[in-house]
1. Could you identify which residue out of L59, L13, L214 has the top mean-square fluctuation in a GNM of the chain using Cα springs shorter than 10 Å?
2. Any idea what % of Cα-Cα pairs in the chain are farther than 32 Å?
3. Students often forget the sequence filter, so: which lysines lie under 23 Å Cα-Cα from K60 once same-chain residues fewer than 8 apart are removed?
4. Report Rg (one decimal) and Dmax (nearest whole number) for region 1-128, counting Cα atoms only, units Å.
5. With springs only between Cα atoms under 10 Å apart, run a GNM on the chain and tell me which of A135, A234, A191 wobbles the most.
6. Tell me, what ³J(HN,Hα) does each residue in region 206-214 have, in order and in whole Hz, if you take phi through Karplus 6.51 cos²θ - 1.76 cosθ + 1.60 with θ = phi - 60° and put x for Gly and Pro?
7. Pick from W182, W242, W130: which residue has the top mean-square fluctuation in a GNM of the chain where Cα pairs under 10 Å get a spring?
8. How about region 136-192: which trypsin sites (Lys or Arg not before Pro) there lie in a loop by DSSP and see at most 16 other Cβ atoms within 10 Å?
Amino acid sequence: MNRVLRSAVFFLLIALLWQGIAMSERLSSYLLPSPLSVVRYLYGAVVDLSLFAAAWVTLKRLVLGYAIGLLFGLPLGLLTAEFRLCRDTIGLLALGLQTLPSICWVPLALLWFGQTESAMLFVVIMGSLWSVLIATQTGVQTMPPIYVRAARTMGSKGLHTWLKVILPASLPFLVSGMKQGWAFAWRSLMAAEIYVTILTGFGLGQLLHYGRELHAMDQVIGVMLVIVLIGLLADRLFFSPWERFLYRRWGATG
């Protein structure tokens, strides 16, 4: 409860500071709307269901692209950790592409797929795949080699070693990699939704874009707050419980 109270007080102070700056009129309401203006926008967007609809469209794209990134990133990361040839080829490629900003994939996606859902999906996959691959490789390589040697002296080999020794011992690092991949997938999707406009659904990125076009800063800041809230909920509900359990299970925390 103390942690919750500290967090609540901290964000309340931020809101009061924000309100104070808005009331001082040093910045126009066009540049910095008051918290009450943002709350009014959010209330209206919730009542007319536009915010829920946009969040649902964004989450569907995000989960699908992230799942595909995991589907390819995890096994490729295991391969690069095990085989030097894969490290010198796929691993090097992943290291280079992971440093590429997500927005750089958008022009390529538009040229290849046009204004379609496939373009969105491509950008999200490219944003998450390489970070998951690198985190998986790092996790396997960080695992104490004594585990594998001990398992092999007891007769474990091949696929059994991978499934029963290497993969379980690497799970804490894999979950951290999945968390990192989720963050990159979010950033990639926002870049895609801002620049790719399709009629099959308007997501949170499109709401950000239209807020900028309409000079509606209350909408821009409101949508940004929703994106932050979804990210925090995903961390608290999914990734943090896994991390706590796995670190306790492996004795990394008290």
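1. Top of the fluctuation ranking is L13.
2. Values: 11937 of 32131 pairs.
That fraction is 37 percent.
3. K179
4. Cα only, region 1-128: 21.8, 62 Å (Rg, Dmax).
5. Answer for the Gaussian network model of the chain: A234.
6. After applying 6.51 cos²θ - 1.76 cosθ + 1.60, I find 5, 4, 4, 4, 5, x, 5, 5, 8 Hz.
7. W242
8. Filter output for region 136-192: K157.
Values quoted throughout were computed directly from the atomic coordinates according to the rules given, and no laboratory measurement underlies them. Just so it is clear, the structure is predicted and the values come from calculations on it, not from any experiment. Positions of Cβ are generated from backbone atoms using ideal geometry, with glycine treated the same way; all protein chains shown enter the neighbour counts.
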